[in-house]
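Visitor: My questions all concern the structure below.
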Amino acid sequence: MKKKLILFMPTIDIGGVEKNFFLISNYLSTKLKNISVITTSFTQKKQFSKKINFISLQNKFYDKLSRRLKFLLALILLLVELIKNTNCTVFSFQANIYCIYLCKLMNTKIIVRSNSSPTGWSKNIIKKIIYKNALSIADKVIVNSHEFKKLIKSKFNVNSVCIYNPLNKNEIIKKSKTKINLNFFQKDTLNFINVARFEDQKDHRTLLKAFWKLKNKIDYRLLLVGSGSKEKFIKDFIQSKKLTNKIKIIKNISNPFPYILKSKYFILASKYEGLPNVLLEAITLKKYIISSDCPTGPKEILDNGKYGTLFKSGNSDDLCKKLILISKKKQNLNKKILMANKGLERFNYKKNLNNYFKLILPFLKN
């Protein structure tokens, strides 16, 4: 009898990690018969194949709970499943540290997919010890960029396997054709878009400072698509610097692709990432990429600046300088756009999904 595979994702929001989770889960359901998903996000059930056993708390009330409480509830659901069925392998996408320790306590094989650079963990000695210990006892660690793989080895002495994010180009292009009403971008302005959660990691502070400095230097429009805890700061900054005619906010939407399509430049200012899906999506739609050179992913996607523009993470002056160069067309932007698009083959949808299947399959055999 083959083991049951449990995919663990306590909270499902809107973002790159979630998109990968849907793609990987549904693909594995075409290859495996005994597969379950554990999450507290009951409303996301429709995103999964009917072949998947969806395990969740059947009430929207839980959506209002804090992230930590959702983690705890999901871990309880997982514990119940592991007690009921000892012949399991767990594949964790979130709350990995907690999940690893629970699985080891229950003598269960655990595969984890680490989604974001461990930079934040490495700055705190206690967190560093916990992170290193947990990942070293996981049965397999998957990361999504080669830069990430090197970093996790050098900082924590943890071996990992790199599998790139599976990119469904056809789906992105199809969704980008949805009609929208957007009169914000102008033909004679430089039209930028940023799609990211309004959280500290995404560093909208640096982004906004740079565009404030550009206020009287270039004629631009910046569209911010997202939501999160930094929303008030972002709105207050735009108001106080009198940028309301240049910068517009659109709350998080399920399909940002038509908005990306209408822009010319995609900009990412993150402090750290794993492998930012949103850059791959923007490249698919043939947008010019400007990104912080943060750990990890952007440098690898853009081939050290060969496919776009990199600026120093957290440095608004460097970003401002690079944007002025772009506005003066001192770089061959169209050539870079085409090169970046051709470079997407690394993230081939079927190839990378199959890499996940091949890695998982040995864990499901007795």
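Visitor: Quick check: is even one residue across segment 284-298 part of a loop (DSSP other than H, G, I, E, B), surrounded by fewer than 16 Cβ atoms within 10 Å (Cβ to Cβ), in contact with a Leu (Cβ under 8 Å, 6 or more places away or on another chain) and free of Cβ contacts under 8 Å to residues at least 40 places away in the same chain?
Guide: No: zero hits.
Visitor: Of the residues in segment 303-322, how many are assigned to a helix (DSSP H, G or I), touching a residue at least 60 places away in the same chain (Cβ under 8 Å) and either under 20 Å from R346 (Cα atoms) or of a type in the set (S, T, N, Q) (or both)?
Guide: So the count comes out to 1.
Visitor: Suppose we filter segment 234-244 for residues that are in a helix (DSSP H, G or I) and open to solvent by 30 Å² or more (accessible area, probe 1.4 Å); how many remain?
Guide: Residues meeting the conditions: 4.
Visitor: Only residues that are part of a strand (DSSP E or B) and open to solvent by less than 20 Å² (accessible area, probe 1.4 Å): list them for segment 245-264, please.
Guide: Selection gives I247 alone.
Visitor: Can you pull out the residues in segment 339-349 that are in contact (Cβ under 8 Å) with a residue 24 or more places away in the chain and either among the hydroxyl-bearing types (S, T, Y) or open to solvent by 20 Å² or more (accessible area, probe 1.4 Å) (or both)?
Guide: M339, N341, R346, N348, Y349
Visitor: Among the residues of segment 54-100, write down those that are more than 25 Å from the chain's Cα centre (by Cα), surrounded by fewer than 17 Cβ atoms within 10 Å (Cβ to Cβ) and not aromatic (F, W, Y).
Guide: Q58, N59, I76, L79, V80, I83, K84, N85, T86, N87
Visitor: Do you know which residues across segment 19-47 are within 23 Å of L69 (Cβ to Cβ) and open to solvent by 20 Å² or more (accessible area, probe 1.4 Å)?
Guide: Answer for segment 19-47, where residues must be within 23 Å of L69 (Cβ to Cβ) and open to solvent by 20 Å² or more (accessible area, probe 1.4 Å): F42, T43, Q44, K45, Q47.
Visitor: Would you check which residues across segment 338-366 are polar (S, T, N, Q) and in a helix (DSSP H, G or I) and list them?
Guide: Here is the first cut: in segment 338-366, the residues polar (S, T, N, Q) are 341, 348, 352, 354-355, 366.
Within segment 338-366, N341, N352, N354, N355 qualify.
Visitor: Right, something else. Among (1) within 21 Å of D317 (Cα to Cα); (2) open to solvent by less than 70 Å² (accessible area, probe 1.4 Å); (3) charged (D, E, K, R), there is one condition E231 misses while meeting the rest; what is its number?
Guide: The single condition E231 does not satisfy is (1).
Visitor: Then there's this: Just to be sure, is V90 of a type outside the set (D, E), at negative phi, part of a helix (DSSP H, G or I) and at pLDDT 95 or above? Give the derivation first.
Guide: Details: of a type outside the set (D, E): yes; at negative phi: yes; part of a helix (DSSP H, G or I): no; at pLDDT 95 or above: yes.
The answer is no for V90.
Visitor: Here is a check on your reading of the model: is F198 among the aromatic types (F, W, Y), closer than 24 Å to K264 by Cβ and under 22 Å from the mean Cα position of the chain (by Cα)?
Guide: Yes, satisfied.
The values are calculated or read from the model by the stated rules, or taken from the named source; none is laboratory data. In this text the structure is predicted, and so the values were computed from the model without any measurement. A quick note on method: Cβ atoms are made from the backbone with ideal geometry, for glycine too, and the neighbour counts reach across all protein chains shown. Just the protein is used for accessible areas: all its heavy atoms, side chains included, with ligands, DNA and RNA removed. Shrake-Rupley method; radii C 1.70, N 1.55, O 1.52, S 1.80 Å.
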